[in-house]
Amino acid sequence: MTVSDVDRQTLLNMVEDVAGPEVREVTIILLTHKGELTDEIIAEELNIKLNQVRKALYRLHDLELADFRRIRDKTTGWFIFYWKLHPDKIKDLVTTKQKNVLLRIQSRLGYEEGNMFFSCLTPGCNRVTFQTAMEQDFICEICENRLESYDNSRIITVLQKKVTQLEDILNIQK
C-alpha cells in the first residue's frame, strides 16, 4: 500500500472531515505501518483507550476505508482483530460526498427558483416566501417594516454555477 503525499493528505483531511480527529489519528497509524495492525497495538501507540480505537476503526470500516480479519486466540478464546487500511477507496468516499453536496445544492436551487421572496432589507431580519408574506400582511414580524419584493437572481446564478461545477467534476450528463 503506497500512498502519495497528496493522496495521503486528501485521505487524512476527508477522514477528519467525515469522522473526526480521533479517527484521523488512527488512520495515520494504519498508514505508517505496513500490513495489518491489531486494535491493541494502535491503542498503545496512540496512548488512548482500546474502546476509543475500536470505535474509530469501526467508523473507518463503515466508510469502507478499512477492513479486518479476526482470529480466535487459542489460549484465551478471545478474537483478535487485524485491521488494514484501504486508501484507494478514498476516491469513492469523495465522489459520494460530492454527489450528496450536489443533491443539496440542486434542492436549494429548486427552492430558490420555485418561490418568490419578500424582505424588509433590515439587517437581522429574514426574507420570507410569498405565502408567508401574505399571511403577515406584507409586514415584517421582527421589525414591523413593510416587506418588499426580494430579488434572488444572484443566489440562483451562484447555485447554478455550483451545480455546473459539481456536474463537471462528477462527469454527469445533462
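The values are calculated or read from the model by the stated rules, or taken from the named source; none is laboratory data. Note that the structure is predicted; figures quoted are calculated from it, not measured. Cβ placement follows ideal geometry from the backbone for every residue including glycine, while neighbour counts extend to all protein chains displayed.
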Restricting to segment 119-144, and then to whatever is of a type in the set (A, V, I, L, M, F, W, C) and part of a helix (DSSP H, G or I), can you tell me which residue is surrounded by the fewest Cβ atoms within 10 Å (Cβ to Cβ)?
134
Is it the case that residue 95 is more than 20 Å from the chain's Cα centre (by Cα) and more than 30 Å from residue 144 (Cα to Cα)?
no
Which residues, counting only those in segment 145-157, are part of a helix (DSSP H, G or I) and loosely packed, with under 14 Cβ neighbours inside 10 Å?
153, 154, 157
Got a number for residues in segment 67-101 being without any contact (Cβ under 8 Å) to a residue 12 or more places away in the chain and of a type in the set (S, T, N, Q)?
4
Could you list, ordered by first residue, the pairs with Cβ atoms under 8 Å in which the first is in segment 137-163 and touching a residue at least 60 places away in the same chain (Cβ under 8 Å) and the second is surrounded by 14 or more Cβ atoms within 10 Å (Cβ to Cβ), at least 6 apart or interchain?
163/102; 163/105; 163/106; 163/109
Could you tell me whether any residue of segment 151-159 is within 30 Å of residue 11 (Cα to Cα), over 17 Å from the mean Cα position of the chain (by Cα) and either modelled with pLDDT of 95 or more or not assigned by TED's automatic domain parsing to the domain that holds residue 12 (or both)?
yes
I'd like the full set of residues that are among the basic types (Lys, Arg), in a strand (DSSP E or B) and surrounded by 14 or more Cβ atoms within 10 Å (Cβ to Cβ), limited to segment 59-118.
84
Can you pull out the residues in segment 30-58 that are surrounded by fewer than 19 Cβ atoms within 10 Å (Cβ to Cβ), assigned to a helix (DSSP H, G or I) and β-branched (Val, Ile, Thr)?
32, 41
Among the numbered conditions (1) within 20 Å of residue 17 (Cα to Cα); (2) in the same structural domain as residue 160 (by TED's automatic domain parsing), tell me where residue 55 comes up short.
(2)
The number of residues in segment 25-49 that are free of Cβ contacts under 8 Å to residues at least 40 places away in the same chain and under 12 Å from residue 85 (Cα atoms) is 6
